[in-house]
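Novice: One structure is given below, represented as structure tokens, and several questions about it will come after.
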Amino acid sequence: MNPNKNNSIIDVQDLKFIWKVISNNWYIPLIAIALFGGAGFLYGYKQTDIYAAKTQILLKANANLNTSSIISDNFGYYGGTSQTYIDNSNEMRVISSYDMIRKVLDKVDFDVSYFIVGRIRTSELFDGMPFKVKVYNVNPELYEQEIKFKILDKDKFEITYLRNGKEVVKQGQFNTEFIDLDFRLMVSHSQLTKVPFQGFKEIQYLIKIHNKESLVYKFQSSLEVKNPDFTNILEVTLEDVVPQRAVVFLDTLSQVYIDNTLKSKINVNENTLKYIDKQMGEVTTVLNDIEDTMQGFREKNHILDLAKEGDTYFQKLAKYDDQKAEVNMHISALNDLENYIISDKDPTFLPPSAYIVAGEGFLQTAISELYALQITRNNALNTAKESSPAIVDVDKRIDHLKKNMLVYIGNSRTALKQKIADVEGEISTYSSDIRTLPLKQRGLVNIQRKLGVNESMYLFLLQRRSNTVIAKATIIPETKVIESARSMGIVKPDHKKIVVNFIVFGLILSFMIIFVRATFFARIQSVDDLKAKTNLPIIGEVIYAKLQNDLIIAAESEPKSAIAESFRTIRTNLQYLGTPGSSKVIVITSNSPGEGKTFCSLNLAGILAKAGKRVLVLELDLHKPRVQKGLNLEADIGVSTIVIGKNTIEECVKKTQIEGLEVILSGPLPPNPSEIILSKELADVISYGRQHYDYVIVDTPPVGLISDAIVLMKMADISLFVINTKFPYKDSILNAQEVVGLNKLIHFAFILNEVKRRKSKYYYNRYSYGYGGGYGNYGGGYGGYRNYGNYGSSQSK
């Protein structure tokens, strides 16, 4: 068991890893916030602002009415003493129905929309436009199309639109009807003569002509009707890009809705007046004829007055004639009502004769209830089908009520006919008495009787007409606006929410990038990082310095530098690798080009030479040799010329500016470098190095690209694998572990190159570079190098 392992959920290594991820990627969320926040602001700015307007309508559903009054009867909605509660869900559908919105749009002028084109976005305006377009007729292809409008001068304008995919440009005169094959319209202006014209000329306008149907559906989809719980209030809200237009629409909608609630009652009242006027006209004609007849009879028979006895008979007979006429009128009204019920006519044309029937409490109540049910059914048909349960239920109630009314009408008619028979008996009695009078008196009595009957009928109709006129004057709306339409400001888009959403998306994306970077593109930046990723030995780290790009040997040019001290530590740790006391062939490679293997080869060779060792550098990266550049030597001869037998090994050995450091360069680049690596002559070169030098440093091609280094590792005593902190570690470590495992390499170690000073575990933040105090203790060596323990202090050479 690892003694350093504890049982806590998060240990120190986890915290270090989290801190590493944060420190390496902290700038990514900040950049994401700035970029996506700016993008969200710009996106929200370019979006069209949607405004909302709201109004509130009160439904008076529980008004008490006097059912005995002819005025209340004319309302047509209520009957009896019961109170009816309006179905608010039906009213909500009625107010948002197609027909209702169509009536509103017929009253307002929303057929044309006006826009001003800006640099970033196009804005729609409702008021304040310098011109007004009145459309009489238009080609359907131009509906909902953006038409460019430009003011040319105070008298002319120009419009541009597309027809059949081609641009059409036309000019017209202000305040003059413009007739064309595509439209008939008039453009009027009111401000072009009052303000400087140049400002209008520079503005680019757009107009859009709307189809009435599409306009209805547009407002219908933007309209929302709510009924707060336990109230008779409708809250009507409309969303629109122009706040003034939304307010105008809601005000007009409220008025149209209120007028609609009055329409049925006014229709009933007017229908009743027409019926009464018709009856009074007929009675008036009869009265005129009777009066003319009586006048002629008096003149012909020279009659001035009747005897007292004749007057008594006449009064009695007139009384019973009045009763008979009234009963007949009652029966006629019942017959009209029966025909109406059986024929099932349009409920909005209820027979007004029903309202002149007096003393029929049941019929008055039943008629009002029937009319209310029919109105409810008509309103429900605006939003539902006839097969819906609600309408089926209303139909059943209507049928039941009609059956009861027909039974009552039949019984009432039978009773009235019996009453007529009784009255006719009385009339017959008095008629017999009148026959006893002289012939002239008898004729005059008959004429006066008819006159009295029709005068009584005229007075009755006149009274009913007066009541109906009074009832019309008392008709008031059952609904009223309790809160006029007012703008609620911008409801969408929510600019803050858009910016927040963009920022959140940017943060999520940045965290995904960080996750991908940490998982797939993470770099090893310290020895501790490398220890956490592999169990293979680590011989040392090389501090980052700019001189690496020039392949400069630090021990020679900057002996007191941190990078030179890095290689001294590596030199010290080399004594624990390989077989003690024997010459060591050290192969240095990497996974990819540019990781610093050539630089490490030269500097390791230089630091060994500075320690008094005889060192030979073999430039065996025959694909891209760079040792010659670092040592400023010419590769005229070398490995390639040795293999082909052109030169001997001794001839190709070249001295360098560092004492004890010699080199065999690649020589002229061969066409088959990999075959040279496998040749016997190269093995002889390596044997030569073992015999004559303390160390042989072999610079090889990257093992991740070419297999040459693997062949050379099998010949080496020590294999060093350079990993650069600038490259993702995953492929490098996996490739190195695979090479070690497959080739069973024993003496293998990593060199971590270009470590930043602040990432170094052992040096340089606290290290004294002066020679006066010595180099001090290097911190006990690299504990990650298996069981090599403390390497001690390095030698200062």
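The values are calculated or read from the model by the stated rules, or taken from the named source; none is laboratory data. Every value quoted in this text rests on a predicted model; they were computed, and no experiment measured them. Note that we place each Cβ from the backbone using ideal geometry, even for glycine, and neighbour counts take in every protein chain shown. To get the accessible areas, we keep the full protein, side chains included, count just its heavy atoms, and leave off ligands, DNA and RNA. Shrake-Rupley method; radii C 1.70, N 1.55, O 1.52, S 1.80 Å.
Novice: Test of understanding: among Phe502, Phe520, Phe567, Phe515, which residue is surrounded by fewer than 20 Cβ atoms within 10 Å (Cβ to Cβ) and touching a residue at least 12 places away in the same chain (Cβ under 8 Å)?
Specialist: Just a single option satisfies the conditions, and that option is Phe520.
Novice: Could I ask something else about it? Out of everything in segment 427-445 that is touching a Leu at 6+ places or on another chain (Cβ under 9 Å) and crowded, with 16+ Cβ neighbours inside 10 Å, what residue ends up being modelled with the lowest pLDDT?
Specialist: Result: Leu437.
Novice: For segment 676-705, which positions are open to solvent by 40 Å² or more (accessible area, probe 1.4 Å), touching a helix residue (DSSP H, G or I) at 6+ places or on another chain (Cβ under 9 Å) and of a type in the set (A, V, I, L, M, F, W, C)?
Specialist: Leu678 - this is the single residue of segment 676-705 that is open to solvent by 40 Å² or more (accessible area, probe 1.4 Å), touching a helix residue (DSSP H, G or I) at 6+ places or on another chain (Cβ under 9 Å) and of a type in the set (A, V, I, L, M, F, W, C).
Novice: If you take the residues of segment 589-605 that are of a type in the set (Gly, Ala, Ser) and not in a helix (DSSP H, G or I), which of them is farthest from Gly660 (Cα to Cα)?
Specialist: Looking at the filtered set, the residue picked out is Ser592.
Yes or no, residue by residue, for (1) closer than 26 Å to Glu565 by Cβ; (2) out of contact with any Leu (no Cβ under 9 Å at 6 or more places or on another chain); (3) touching a residue at least 12 places away in the same chain (Cβ under 8 Å):
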site	(1), (2), (3)
Val585	yes, no, yes
Thr589	yes, no, yes
Gly594	yes, yes, yes
Lys597	yes, no, yes
Gly612	yes, yes, yes
Leu616	yes, no, yes
Asn632	yes, yes, no
Val639	no, no, yes
Val643	no, no, yes
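Novice: Collect the residues in segment 346-380 that are at pLDDT below 55 and open to solvent by 30 Å² or more (accessible area, probe 1.4 Å), keeping them in residue-number order.
Specialist: The answer is Asp346, Thr348, Phe349, Ala358, Gly359.
Per-residue answers, yes or no, for (1) under 25 Å from Thr252 (Cα atoms); (2) assigned to a loop (DSSP other than H, G, I, E, B); (3) modelled with pLDDT of 90 or more:
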position: Leu58; (1), (2), (3): yes, no, no
position: Ala61; (1), (2), (3): yes, yes, no
position: Leu65; (1), (2), (3): no, yes, no
position: Ser72; (1), (2), (3): no, no, no
position: Tyr78; (1), (2), (3): no, yes, no
position: Ile86; (1), (2), (3): yes, yes, no
position: Asp99; (1), (2), (3): yes, no, no
position: Val133; (1), (2), (3): yes, no, yes
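Novice: I would also like to ask the following. Is it the case, given these coordinates, that Lys148 is closer than 28 Å to Tyr45 by Cβ, open to solvent by 80 Å² or more (accessible area, probe 1.4 Å), touching a strand residue (DSSP E or B) at 6+ places or on another chain (Cβ under 9 Å) and touching a residue at least 24 places away in the same chain (Cβ under 8 Å)?
Specialist: Yes, satisfied.
Novice: Which number in (1) closer than 17 Å to Val722 by Cβ; (2) touching a Ser or Thr at 6+ places or on another chain (Cβ under 8 Å); (3) open to solvent by 10 Å² or more (accessible area, probe 1.4 Å) marks the one condition that Val617 misses?
Specialist: Failed condition: (3).
Novice: Consider Ala562 carefully, then state whether it is in contact (Cβ under 8 Å) with a residue 12 or more places away in the chain, surrounded by fewer than 22 Cβ atoms within 10 Å (Cβ to Cβ) and hydrophobic (A, V, I, L, M, F, W, C).
Specialist: Judged against the criteria, Ala562 is a match.
Novice: Do you know which residues across segment 229-241 are more than 26 Å from Asp49 (Cβ to Cβ) and modelled with pLDDT of 85 or more?
Specialist: Listed by number, the residues that qualify are Ile233, Leu234.
Novice: Another question, if that's okay. Would a scan of segment 663-675 turn up a residue that is open to solvent by 30 Å² or more (accessible area, probe 1.4 Å) and closer than 18 Å to Lys714 by Cα?
Specialist: Step one: of segment 663-675, the residues open to solvent by 30 Å² or more (accessible area, probe 1.4 Å) are 668-669, 671-672, 674-675.
Checking the rest, the ones that are also closer than 18 Å to Lys714 by Cα come to 674-675.
So far as segment 663-675 goes, yes, one or more of its residues are open to solvent by 30 Å² or more (accessible area, probe 1.4 Å) and closer than 18 Å to Lys714 by Cα.
Novice: Continuing with the same structure: Among the residues of segment 666-708, count how many are under 60 Å from the mean Cα position of the chain (by Cα) and either modelled with pLDDT of 90 or more or under 23 Å from Leu551 (Cα atoms) (or both).
Specialist: Result for segment 666-708: 6.
Novice: Condition check: under 34 Å from the mean Cα position of the chain (by Cα) and assigned to a strand (DSSP E or B). Does Gly489 satisfy that? I'd like the intermediate steps shown before the answer.
Specialist: Values: under 34 Å from the mean Cα position of the chain (by Cα): yes; assigned to a strand (DSSP E or B): yes.
Against the criterion (under 34 Å from the mean Cα position of the chain (by Cα) and assigned to a strand (DSSP E or B)), Gly489 qualifies.
Novice: Can you find a residue in segment 679-689 that is in contact (Cβ under 8 Å) with a residue 24 or more places away in the chain and closer than 25 Å to Ser566 by Cα?
Specialist: No, segment 679-689 has no match at all.
Novice: Among the residues of segment 726-734, are any open to solvent by less than 60 Å² (accessible area, probe 1.4 Å), touching a helix residue (DSSP H, G or I) at 6+ places or on another chain (Cβ under 8 Å), in a strand (DSSP E or B) and in contact (Cβ under 8 Å) with a residue 40 or more places away in the chain?
Specialist: Looking through segment 726-734, at least one residue is open to solvent by less than 60 Å² (accessible area, probe 1.4 Å), touching a helix residue (DSSP H, G or I) at 6+ places or on another chain (Cβ under 8 Å), in a strand (DSSP E or B) and in contact (Cβ under 8 Å) with a residue 40 or more places away in the chain.
Novice: What single numbered condition from (1) aliphatic (A, V, I, L, M); (2) assigned to a strand (DSSP E or B); (3) without any contact (Cβ under 8 Å) to a residue 24 or more places away in the chain fails to hold for Leu547?
Specialist: The single condition Leu547 does not satisfy is (2).
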